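The values are calculated or read from the model by the stated rules, or taken from the named source; none is laboratory data. Model, not experiment: these values are computed from the prediction. A quick note on method: Cβ atoms are made from the backbone with ideal geometry, for glycine too, and the neighbour counts reach across all protein chains shown.
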Amino acid sequence: MKVYAYKNCSSCQKALRYLEGREYELVPIVEQPPTLEELRRMAVYVGGFRKLLNTSGSQYRELGIAGRDLDENQALELLASNGMLVKRPFLLTSDGGAVGFRPEVWEQLIGKGAG
């Protein structure tokens with residue numbers, strides 16, 4: 001199980017508290033954004049690449065992404081190059097994934113014995 005998180009993100013902090021006592025790999029999302037392959041997998045799990053965008057972040061606004069007509073490949077390449085654009089926390093298991101922290105969703109994924 002891999003969790004991409006940002007240390008100053010309150011949702012990430014809640015997620016990491018939730019995971020206490022469990023084994024997982026913590027990856028700093030700003031310094032090491034998810035790979036294109038991971039982003040493609042996650043897009044399938046969450047129902048599309050647009051759900052991976054951190055639309056409430058300053059980078060999203062500053063880069064004017066809302067007004068751009070990005071196709072999936074362009075968007076995923078942008079996300080893979082800028083971790084601040086990725087919705088977080090970003091949980092990736094061997095057979096599923098979730099973005100954002102909703103305990104009931106995470107429990108369903110982790111409860112499957114995924115890792």
Search segment 84-110 for residues that are under 18 Å from Leu26 (Cβ atoms) and without any contact (Cβ under 8 Å) to a residue 40 or more places away in the chain and pair each with any residue that is of a type in the set (D, E, K, R) and surrounded by fewer than 17 Cβ atoms within 10 Å (Cβ to Cβ) when their beta-carbon atoms are under 8 Å apart and the residues are at least 6 apart or on different chains. Lys87/Lys51
Among the residues of segment 75-89, which ones are touching a Leu at 6+ places or on another chain (Cβ under 9 Å) and in a helix (DSSP H, G or I)? Ala75, Leu76, Glu77, Leu78, Leu79, Ala80, Leu85
If Leu52 satisfies every condition in (1) more than 12 Å from the chain's Cα centre (by Cα); (2) closer than 22 Å to Asp95 by Cβ but one, which is the exception? (1)
Do we have any residue at all in segment 70-79 that's under 23 Å from Ser10 (Cα atoms), crowded, with 19+ Cβ neighbours inside 10 Å and touching a residue at least 12 places away in the same chain (Cβ under 8 Å)? yes
Sole miss for Ala114 among (1) at pLDDT 90 or above; (2) assigned to a loop (DSSP other than H, G, I, E, B); (3) not aromatic (Phe, Trp, Tyr) is condition (1)
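Yes/no per residue for (1) under 15 Å from Tyr6 (Cα atoms); (2) in a loop (DSSP other than H, G, I, E, B); (3) out of contact with any His (no Cβ under 6 Å at 6 or more places or on another chain); (4) among the charged types (D, E, K, R):
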site: Glu37; (1), (2), (3), (4): no, no, yes, yes
site: Arg40; (1), (2), (3), (4): no, no, yes, yes
site: Gln59; (1), (2), (3), (4): yes, no, yes, no
site: Asn73; (1), (2), (3), (4): no, no, yes, no
site: Leu91; (1), (2), (3), (4): yes, no, yes, no
When (1) modelled with pLDDT of 95 or more; (2) under 21 Å from Cys9 (Cβ atoms); (3) surrounded by fewer than 20 Cβ atoms within 10 Å (Cβ to Cβ); (4) small (Gly, Ala, Ser) are applied to Gly97, the one that fails is (3)
Note on Val3: of the conditions (1) part of a loop (DSSP other than H, G, I, E, B); (2) aliphatic (A, V, I, L, M); (3) touching a residue at least 12 places away in the same chain (Cβ under 8 Å), unmet is (1)
Tally time: how many residues in segment 48-57 are assigned to a loop (DSSP other than H, G, I, E, B) and closer than 20 Å to Cys9 by Cα? 4
Given (1) loosely packed, with under 12 Cβ neighbours inside 10 Å; (2) at pLDDT 95 or above; (3) among the hydroxyl-bearing types (Ser, Thr, Tyr), index of the condition Ser56 fails: (2)
